[in-house]
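The values are calculated or read from the model by the stated rules, or taken from the named source; none is laboratory data. Here the structure is a predicted model, which means the values were calculated and not measured. Cβ placement follows ideal geometry from the backbone for every residue including glycine, while neighbour counts extend to all protein chains displayed.
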Amino acid sequence: MITKESIQSYQGISLNRGSNFLYLSPHILLRPYIANYTISFPSPQTMPDEYTVLPTASSTLTISVGSDTIFSGLRGVNTKACNVGAFANKMKLLLLIEFQPGGLYPFIQIDQFELVDSSFKLDELDKTFTTTLENELIKSESVTDLVETLNRIFITKLMNFQTNKSVLAMMQDIVKQHGNKSTGKLSSEYYYSEKQIRRLFMRFVGTSPKMFSRIVRTNYALHLLQRDSVYLTDVAVQAGFFDQPHFIHDFRMVCGLTPQEYIHNMSVFYNDRFKM
């Protein structure tokens with residue numbers, strides 16, 4: 001199994017890295033579905049127990065390795081903030097497969113609205129898939145070995161899936177517009193009724209298009225708030241909110257805190273810039 005020294009000595013290309021974590025890009029064929037593979041050796045010094053994942057339109061598959069156990073879990077789309085630090089710090093090693101919005105469906109072909117704001121044992125959904133992933137993590141002796149194996153496993157599962165290109169195009173359109181795209185506008189451009197669009201989003205993404213747009217817009221605002229010096233009025237305008245009060249209201253509704261509270265406690269919140 002890989003060690004902390006494995007990521008420190010890794011010479012390949014990475015999306016981001018530190019002394020105890022490594023973000024890696026998947027194979028190019030998987031990038032519409034998987035944002036990154038993350039390898040982490042957590043500790044309270046780098047990840048406080050209060051560490052919280054803010055709402056995201058993405059799903060995450062996590063393989064957690066403890067002192068004498070290995071556990072694979074799946075988290076659906078988060079429309080609510082979720083504390084992860086206390087659990088993570090009990091583990092020696094975490095392997096996270098971070099999916100793009102709608103990217104989980106090809107691999108776990110379950111209507112995604114059934115997974116929203118919930119965590120599952122992966123073996124309850126697909127025992128063979130779980131066993132394969134856990135065994136390969138244990139066998140991998142280097143980061144390169146692990147990434148090549150993960151790519152092979154996911155590409156194999158992808159071969160039997162036909163992508164709904166309309167849903168993918170609509171999601172990309174919403175993201176390109178930073179969440180400022182109405183269902184009515186999508187309906188007129190893609191020739192689906194608003195009811196059909198909602199049904200497709202609930203199945204493949206897990207949320208309504210309206211909630212997806214709200215999460216996208218709020219995550220864009222989070223990105224803007226991470227700059228060195230910001231004014232809330234400027235962020236509200238750039239993110240497409242009607243005015244600052246509407247921005248604060250929507251931000252609090254999605255994240256559970258105000259923009260000012262986020263700025264003052266930014267270090268305890270996780271916001272992955274490689275996914276939505």
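Some notes on this structure:
Residue-by-condition table, conditions (1) under 19 Å from the mean Cα position of the chain (by Cα); (2) under 25 Å from E124 (Cβ atoms):
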site: Y33; (1), (2): yes, yes
site: P48; (1), (2): no, no
site: P55; (1), (2): yes, yes
site: V65; (1), (2): no, yes
site: C82; (1), (2): yes, yes
site: F87; (1), (2): yes, yes
site: K92; (1), (2): no, yes
site: E98; (1), (2): yes, yes
site: G103; (1), (2): yes, yes
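- Residue selected from the stretch 243-276 under the condition in a loop (DSSP other than H, G, I, E, B) and modelled with pLDDT under 85, by the criterion nearest to G179 (Cα to Cα): M276
- Filter pass, K185 being charged (D, E, K, R), within 19 Å of D117 (Cβ to Cβ) and surrounded by fewer than 16 Cβ atoms within 10 Å (Cβ to Cβ): no
- Scanning the stretch 60-80 for residues that are touching an Asp or Glu at 6+ places or on another chain (Cβ under 8 Å) and among the polar types (S, T, N, Q) yields a count of 4.
- Among the residues of the stretch 116-145, the ones that are in contact with a Gly (Cβ under 8 Å, 6 or more places away or on another chain) and either assigned to a loop (DSSP other than H, G, I, E, B) or of a type in the set (V, I, T) (or both) come to 5 in all.
- Residue in the stretch 93-115 that is modelled with the lowest pLDDT, counting only those that are surrounded by 18 or more Cβ atoms within 10 Å (Cβ to Cβ) and aliphatic (A, V, I, L, M): I108
- Within the stretch 146-169, considering residues that are assigned to a helix (DSSP H, G or I) and free of Cβ contacts under 8 Å to residues at least 12 places away in the same chain, the one farthest from Q109 (Cα to Cα): E148
- Considering residues of the stretch 191-224 that are assigned to a helix (DSSP H, G or I) and over 23 Å from F99 (Cβ atoms) only, the residue modelled with the lowest pLDDT: L224
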